[in-house]
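*Asks:* Once you've had a glance at the structure underneath, I'll fire off some questions.
The values are calculated or read from the model by the stated rules, or taken from the named source; none is laboratory data. Given the structure is predicted, the values throughout are model-derived calculations rather than measurements. Using ideal geometry, Cβ is built from the backbone for each residue, glycine included, and neighbour counts are taken over all protein chains shown. Accessible surface is based on the protein model in full, side chains and every heavy atom, while ligands, DNA and RNA are left aside. Shrake-Rupley method; radii C 1.70, N 1.55, O 1.52, S 1.80 Å.
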Amino acid sequence: MKVLVVGGGGREHAIVWKLSQSRHVDKIYCTPGNAGIAEIAECIDMDSSDFSALLDFVKYEWIDLTIVGPEDPLSKGIVDIFEKEGRRILGPTKAAAQLEASKVFSKEFMKRHRIPTAEYKVFTSYVHAADYVRMKGAPIVVKADGLAAGKGVIVASTVDEAMDALKLIMKNKAFGDAGNKVVVEECLQGEEASFMVFTDGKTIAPMVSSQDHKRVFDNDKGPNTGGMGAYSPAPVITDELESIVMKKVMNPVIKGLKSEGIKYKGILYAGLMIHKDKPYVLEFNCRLGDPETQPVLSRLETDLLDISMAITDEKLSGINIQWKEEASVCVVIASSGYPGKYEKGRTIKGLDDAKKIKDVMVFHAGTAFNNNEIVTNGGRVLGVTGTGKDIKAAKKKAYEAIEKIHFDGMHYRKDIADKALN
Ligand code: AMP
Ligand code: GLY
């Protein structure tokens, strides 16, 4: 079979890598891909928002399945367009992807279906939002309604910070129309975890748990990023908690959407805050997490193509998804300046030495070729992923491999997975 993967980050490298192990896959295309993906797939430089060009490509190359990595094409309806043309594609429709694309939709949906989440209010007026923030006090969380590449959420520890966030989003329009509405919500305390499931709209199959590290610096300091590292499993998600999440979050979401006439197929991700053994939803994503996918797919035993086909055929109940008992830790190496303005084009050295280490996979994110060299081409550059019998062993592998890698200005957190070790 021929598969097209849409995207070019660490998550997509992990998807392509897993697919490359499938006994059914003959050829993988990836658009746009990156320098690491290019080793196992044919990278095609196409604009992933140009759905008609993607569709033409899929028809011309007789591609059997398209897998969409990022949220943008999903929220703009790539699945609806492909399905209308009878093409097999993995991901939710535009209506279903609103769970991620609109925080307002997602909060109101959770309220309608009694899914546990932080208390909130929605505002279209800066003045009213500011009054509410003053009344509530800090800490408080300000969220732009629409997609903002993970930067539209500000956890404000003072009222001034919250005001600045409101100004940034509502007055300065830092995220454009994504800031036409804001959600102002209660700041939850506890420990965060990422919980992802595969679903065909009927069966919901949980993946192994994971935990992201959103802040740029050690000890969760500095601004939020797309994610600086992740590990799996996350001990905070006990078996008992997993069944609570399925019962209180995942099942009600899929059922609730169905009751509103929306079928959800693909991957559903809940960002959770665990407080006193209870889960609260911080956000939904309609896709695999990045970097959570890197450690999670590293632990997947079952053929990803089989799972993908079962989802699109709505036969997920027929698959028994197996996971490896081992642990996995992914440490992201970022460019100087990230998550702010960052540099590109720095030569990356030591990749071959890092790759040679047993139980290590170096997933590429923002990388490209420049002549015969691999250079940096994004904020998050690599996701160095180690596996081992437990988190401690996996972490050791990841950091051992990082020692081999160098590019000017590189930075990474030294404390990924420490929370799981305490
Ligand atoms: P979101 O995109 O909504 O997940 O927000 C990004 C990050 O902001 C989350 O992963 C949390 O670290 C933090 N966050 C979001 N909402 C809240 C909340 N209500 N209370 C505390 N932290 C939050
Ligand atoms: N790592 C968080 C996300 O993928 O949104």
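*Asks:* Pulled fully out, how much extra length does the chain show between Asp418 and Ser317, if you take 0.36 nm times their separation in residues and subtract their Cα-Cα distance?
*Replies:* Working: separation 101, 0.36 × 101 = 36.36 nm, distance 3.60 nm.
Once the chain is fully extended between Asp418 and Ser317, it gains 32.8 nm.
*Asks:* Can you give me the Cα centroid spacing of the range 66-113 and the range 134-175 in angstrom?
*Replies:* Computed from Cα coordinates, the inter-centre distance equals 25 Å.
*Asks:* In terms of modelled amide H atoms, which long-range or inter-chain residues lie less than 5 Å from the amide H of Ile67?
*Replies:* Here Leu4, Val5, Val6, Leu90 satisfy the definition.
*Asks:* Additional query: In square angstrom, what is the accessible area per residue of the range 180-266 with a 1.4 angstrom probe?
*Replies:* Numbers: 3480 Å² over 87 residues.
Value returned for the range 180-266: 40 Å² of accessible area per residue.
*Asks:* Considering only protein heavy atoms and a probe of 1.4 Å, how much of the accessible area of the chain is carbon and sulfur, as a whole percent? Could the numbers behind the result be given before it?
*Replies:* Details: 8580 of 17980 Å².
Roughly 48 percent of what the probe reaches on the chain is carbon or sulfur.
*Asks:* Contour minus end-to-end for Asp131 and Asp390, with contour as 0.36 nm per residue of separation and end-to-end as the Cα-Cα distance?
*Replies:* Working: separation 259, 0.36 × 259 = 93.24 nm, distance 4.90 nm.
Working it through step by step, the gained length comes to 88.3 nm.
*Asks:* Please name which of Ala178, Val331, Gly366 has its Cα lying farthest along the dipole of the chain towards the positive end, using unit charges on Cβ (Lys, Arg +1; Asp, Glu -1) and the Cα centre as origin.
*Replies:* Ala178
*Asks:* Which part of the range 21-37 falls in the paramagnetic zone of Asp408, meaning amide N under 16 Å from the point 7 Å along Cα-to-beta-carbon?
*Replies:* Within reach of a label on Asp408: no residues.
*Asks:* Could you compute the FRET efficiency for Glu242 and His24, with r as their C-beta to C-beta distance and R0 at 30 Å, rounded to 0.05?
*Replies:* Working: r = 30 Å, r/R0 = 0.99.
Here the calculated transfer efficiency is 0.50.
*Asks:* Sketch the reach of a paramagnetic label on Lys263 as a point 7 Å from Cα along Cα-to-Cβ, and name the residues of the range 47-90 whose backbone nitrogen lies under 12 Å away.
*Replies:* Once the point is set 7 Å along Cα→Cβ of Lys263, 83-84 turn out to lie under 12 Å by backbone N, inside the range 47-90.
*Asks:* As a test question: what accessible area, to the nearest 10 Å², does Glu314 have when a 1.4 Å probe is rolled over all protein chains in place?
*Replies:* 50 Å²
*Asks:* On to the next question. Grab the beta carbon distance between Glu301 and Lys2, set R0 = 22 Å, and tell me the FRET efficiency rounded to 0.05. Walk me through the numbers before you get to the answer.
*Replies:* Details: r = 24 Å, r/R0 = 1.08.
Calculated value: 0.40.
*Asks:* Taking only complete DSSP H runs, can you tell me which helices of the chain stretch 18 Å or more along their own long axis by Cα positions and average at least 0.5 on the Kyte-Doolittle scale? Intermediate results must be reported in sequence, preceding the final value.
*Replies:* Details: long enough: none.
Helix filter hits for the chain: none.
*Asks:* Pop a pseudo-label 7 angstrom from the Cα along the beta-carbon direction at both Ser52 and Thr158 and give the gap in nm to one decimal.
*Replies:* About 5.3 nm, to one decimal.
*Asks:* Working with all protein chains in place, sort His24, His13 by solvent-accessible area computed with a 1.4 Å probe, largest first.
*Replies:* Values: His24 55, His13 5 Å².
Largest accessible area first, the list is His24, His13.
*Asks:* Go from 0 up to the bin containing the longest alpha carbon distance in the range 293-389, width 10 Å each, and give me the % of pairs per bin.
*Replies:* 15, 33, 28, 20, 5
*Asks:* Hey, can you grab everything whose amide H is under 5 Å from the amide H of Thr117? Only 5+ residues off in sequence or another chain; H modelled, so Pro and N-termini drop out.
*Replies:* Under 5 Å from the amide H of Thr117: Val281.
*Asks:* List the equivalent ellipsoid semi-axes of the chain in whole Å, largest first, each obtained as the square root of 5λ for an eigenvalue λ of the Cα gyration tensor. Walk me through the numbers before you get to the answer.
*Replies:* On the way: eigenvalues 187, 136, 99 Å².
For the chain, the semi-axes come out at 31, 26, 22 Å.
*Asks:* While we're looking at this one, here's another question. With the other protein chains left in place, how much accessible area per residue, in square angstrom, belongs to the range 367-422 at a 1.4 angstrom probe? Can you show the working numbers first?
*Replies:* Details: 2740 Å² over 56 residues.
Accessible area per residue, the range 367-422: 49 Å².
*Asks:* While we're here: Based on the Cβ-Cβ distance from Ile40 to Asn219, what FRET efficiency comes out when R0 is 41 Å, to the nearest 0.05? Could you put the intermediate results ahead of the total?
*Replies:* Working: r = 36 Å, r/R0 = 0.88.
Once the sixth-power term is evaluated, E becomes 0.70.
*Asks:* If you don't mind, there's one more thing I want to ask. Using Cα-only point scatterers and the Debye equation, what is log10 of I(q)/I(0) for the range 202-284 at each q in 0.22, 0.27 Å⁻¹, rounded to two decimals?
*Replies:* Normalising to I(0) and taking log10 leaves -1.13, -1.39.
*Asks:* Follow-up. Show me, for the range 319-332, the HN-Hα J-couplings you get by feeding each phi into the Karplus relation (A = 6.51, B = -1.76, C = 1.60, θ = phi - 60°), rounded to Hz, glycine and proline as x.
*Replies:* Karplus values, whole Hz, x for Gly and Pro: 10, 9, 7, 10, 10, 7, 5, 5, 9, 9, 10, 10, 10, 8.
*Asks:* Hey, another quick one. For the range 34-84, what size does the Cα cloud have along each of its three principal axes, sorted from largest down, in whole Å?
*Replies:* 32, 24, 16
*Asks:* Another question about this same structure. So what is the diffusion coefficient of the range 126-271 in µm² per second by Stokes-Einstein at 25 °C and 0.890 mPa s, using a Kirkwood Rh over Cα pairs? Walk me through the numbers before you get to the answer.
*Replies:* Details: Rh = 17.2 Å.
Estimated via Stokes-Einstein, D reaches 143 µm²/s.
*Asks:* For Lys59 and Asn180, compute 0.36 nm times the residue count separating them, minus their Cα-Cα distance, and round to one decimal in nm.
*Replies:* Here the segment from Lys59 to Asn180 would lengthen by 39.8 nm.
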